[in-house]
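Here the structure is laid out as structure tokens; the discussion comes afterwards.
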Amino acid sequence: MTMPFRYAPEIRYKFPQLRSRGLLVNGIDTSADPASQIARLQGIADQRLATAGENEFPEIQAWRRAFSTMGLKPTQYRCATDALLRRYRKEGALPALHPLIDLCNAASLAFAVPIAVFDTARITGAMTVRYAHGDETYETFAGDIEHPELAEVIFADESGRAHARRWTDRQSGWSAVRPQTTRVLIVTKAVHETAYDDVAALASSLAQALAAIWPTSAVAEKELP
């Protein structure tokens with residue numbers, strides 16, 4: 001199975017501890033009810049947060065070190081899961097957006113690992129995590145157009161569109177999941193010491209949840225190059 005996604009060699013060289021897995025899912029819709037799976041995953045997050053804040057999680061600490069390596073202030077630019085856990089701890093809940101996004105957010109809380117979800121119909125060719133050239137286009141959720149800074153780590157497709165900025169900080173509104181979305185690419189990634197086992201467990205948990213929520217969907221899962 002070929003995943004339309006890879007990491008540039010220079011990213012692998014700079015972050016040798018990186019582990020990542022992808023899931024291609026076909027057959028998603030908005031009619032499914034993910035409540036039981038979300039409750040299970042949020043229960044795991046609740047147990048962890050009852051004994052420690054997210055800043056004490058090894059998964060989050062590792063991403064903060066990675067952001068420092070990229071020249072970013074970890075408390076100014078947070079990996080998506082860092083921000084998600086912070087919000088969940090303060091508010092006790094997350095807003096409902098879309099059954100798939102709600103599920104992935106809950107899984108991200110439970111495993112403290114960033115999860116990106118892309119509508120494959122909005123991606124041109126394969127996606128690569130690489131350093132920005134500075135001329136790529138990035139569309140915010142508000143529809144504004146930005147240009148990533150030179151050497152910023154981005155998710156870029158073959159058209160030069162950036163689908164995420166600062167690696168795990170902020171996804172683009174261009175390829176966000178919509179009510180009409182049916183096929184998605186889900187990317188999980190981690191840089192902490194036990195990342196290999198934890199990312200594999202997360203991908204397996206997600207695949208099982210997807211099969212339970214969308215029983216007629218097709219799910220393919222693989223370690224990403």
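Within the option set Leu41, Leu23, being under 22 Å from Ala195 (Cβ atoms) and part of a strand (DSSP E or B) holds for one residue only, Leu23. Quick check: is even one residue across the range 47-59 in contact with a strand residue (DSSP E or B) (Cβ under 9 Å, 6 or more places away or on another chain) and either farther than 23 Å from Ala176 by Cβ or surrounded by fewer than 18 Cβ atoms within 10 Å (Cβ to Cβ) (or both)? So far as the range 47-59 goes, yes, one or more of its residues are in contact with a strand residue (DSSP E or B) (Cβ under 9 Å, 6 or more places away or on another chain) and either farther than 23 Å from Ala176 by Cβ or surrounded by fewer than 18 Cβ atoms within 10 Å (Cβ to Cβ) (or both).
May I ask you to verify whether Ser108 is in contact with an Asp or Glu (Cβ under 9 Å, 6 or more places away or on another chain), surrounded by 14 or more Cβ atoms within 10 Å (Cβ to Cβ) and of a type in the set (S, T, N, Q)? Taking the combined requirement at face value, the residue does not satisfy it.
Residue-by-condition table, conditions (1) at pLDDT below 95; (2) buried (at least 20 other Cβ atoms within 10 Å of the Cβ); (3) assigned to a helix (DSSP H, G or I):
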{"position": "Glu158", "(1), (2), (3)": "no, no, no"}
{"position": "Thr168", "(1), (2), (3)": "no, yes, no"}
{"position": "Gln180", "(1), (2), (3)": "no, no, no"}
{"position": "Val187", "(1), (2), (3)": "no, yes, no"}
{"position": "Asp197", "(1), (2), (3)": "no, no, yes"}
{"position": "Ala211", "(1), (2), (3)": "no, no, yes"}
{"position": "Glu221", "(1), (2), (3)": "no, no, no"}
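Scanning the range 64-83 for residues that are within 10 Å of Asp169 (Cβ to Cβ) and either among the acidic types (Asp, Glu) or within 16 Å of the chain's Cα centre (by Cα) (or both) gives Phe67, Tyr77, Arg78, Cys79, Ala80, Asp82, Ala83. Scanning the range 66-75 for residues that are assigned to a helix (DSSP H, G or I) and either surrounded by 14 or more Cβ atoms within 10 Å (Cβ to Cβ) or in contact (Cβ under 8 Å) with a residue 12 or more places away in the chain (or both) yields a total of 3. Checking each residue in the range 108-119 for being under 10 Å from the mean Cα position of the chain (by Cα) and touching a residue at least 60 places away in the same chain (Cβ under 8 Å) picks out Val113, Pro114, Ile115, Ala116, Val117, Phe118.
Applying the criterion of being of a type outside the set (A, V, I, L, M, F, W, C), touching a Ser or Thr at 6+ places or on another chain (Cβ under 8 Å) and not in a loop (DSSP other than H, G, I, E, B) to the residues of the range 121-147, the residue that is nearest to Gln180 (Cα to Cα) is Arg122. Here Arg78 meets each of (1) surrounded by 18 or more Cβ atoms within 10 Å (Cβ to Cβ); (2) of a type in the set (D, E, K, R); (3) assigned to a helix (DSSP H, G or I) with one exception, condition (3).
Here Asp33 does not qualify as acidic (Asp, Glu), surrounded by 14 or more Cβ atoms within 10 Å (Cβ to Cβ) and not in a strand (DSSP E or B).
The numbered conditions (1) surrounded by fewer than 22 Cβ atoms within 10 Å (Cβ to Cβ); (2) not in a loop (DSSP other than H, G, I, E, B) are all true for Ala203 except (1). Looking at Pro99, Pro4, Pro114, just one residue is touching a Cys at 6+ places or on another chain (Cβ under 6 Å) and within 16 Å of Ile186 (Cβ to Cβ), and that residue is Pro114.
Within the range 205-225, the residues that satisfy the criterion of being touching a strand residue (DSSP E or B) at 6+ places or on another chain (Cβ under 8 Å), in contact (Cβ under 8 Å) with a residue 40 or more places away in the chain and of a type in the set (Gly, Ala, Ser) are Ala207, Ser217, Ala218, Ala220.
The values are calculated or read from the model by the stated rules, or taken from the named source; none is laboratory data. It should be emphasised that the depicted structure is a prediction, and the values quoted were computed from it without experimental measurement. Methodologically, a virtual Cβ is constructed for each residue, glycine included, from the backbone with ideal geometry; neighbour enumeration extends over all protein chains shown.
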